Amino acid sequence: MEHAKTSTDIRVGVLLCTHRALLGHIGAAVRQITCRWTENEVHVRVVFDGEISGESAEAMSEAETEVVADFPPHVAVYFTAERCDR
């Protein structure tokens, strides 16, 4: 019998999955990464300093694919990449 997931189980799962997916994909231009979730959605926001290169955009797409693969089909995963010049 599978036990019901608690909010802590979901939190740990999302953070570990996202961390693993982003390892090796984060370059010097990344300023911030935020993550939020519900039982049915995971949102990851990556903020870049300056223009987002094609290589960085591809790396974020690969990381998103890895996160999607870790969750059941009913969980929607959204990655956004934003430019922030300061």
Exercise. Can you name the residue in the range 11-39 that is in contact with a helix residue (DSSP H, G or I) (Cβ under 7 Å, 6 or more places away or on another chain) and modelled with pLDDT under 90 and, of all such residues, is farthest from ALA57 (Cα to Cα)?
Worked result: GLU39
For this session: Please specify each residue of the range 60-86 satisfying the condition of being crowded, with 16+ Cβ neighbours inside 10 Å, of a type in the set (Val, Ile, Thr) and assigned to a helix (DSSP H, G or I).
Result: VAL67, VAL68
Exercise. What number of residues within the range 1-59 satisfy the criterion of being basic (Lys, Arg) and either over 19 Å from ALA69 (Cα atoms) or in a strand (DSSP E or B) (or both)?
Worked result: 3
For this session: Take the range 21-54 and flag every residue that is among the charged types (D, E, K, R) and surrounded by 11 or more Cβ atoms within 10 Å (Cβ to Cβ).
Result: ARG31, ARG36, GLU41, ARG45, ASP49
Problem set entry | Residues within the range 40-51 that are out of contact with any helix residue (DSSP H, G or I) (no Cβ under 8 Å at 6 or more places or on another chain), at pLDDT 95 or above and not charged (D, E, K, R), tallied | 2
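Residues are listed down the side, and each one gets a yes or a no for (1) more than 17 Å from LEU16 (Cα to Cα); (2) under 12 Å from the mean Cα position of the chain (by Cα); (3) of a type in the set (Ser, Thr, Tyr):
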site: ALA29; (1), (2), (3): yes, no, no
site: ILE33; (1), (2), (3): no, yes, no
site: GLU41; (1), (2), (3): no, yes, no
site: GLY54; (1), (2), (3): yes, no, no
site: GLU62; (1), (2), (3): no, yes, no
site: ALA81; (1), (2), (3): yes, yes, no
Problem set entry | Residues (loosely packed, with under 14 Cβ neighbours inside 10 Å and either of a type outside the set (D, E, K, R) or modelled with pLDDT of 90 or more (or both)) located in the range 1-10 | MET1, HIS3, ALA4, THR6, SER7, THR8
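The values are calculated or read from the model by the stated rules, or taken from the named source; none is laboratory data. Quick caveat, the model's predicted, so the values are computed rather than measured. Positions of Cβ are generated from backbone atoms using ideal geometry, with glycine treated the same way; all protein chains shown enter the neighbour counts.
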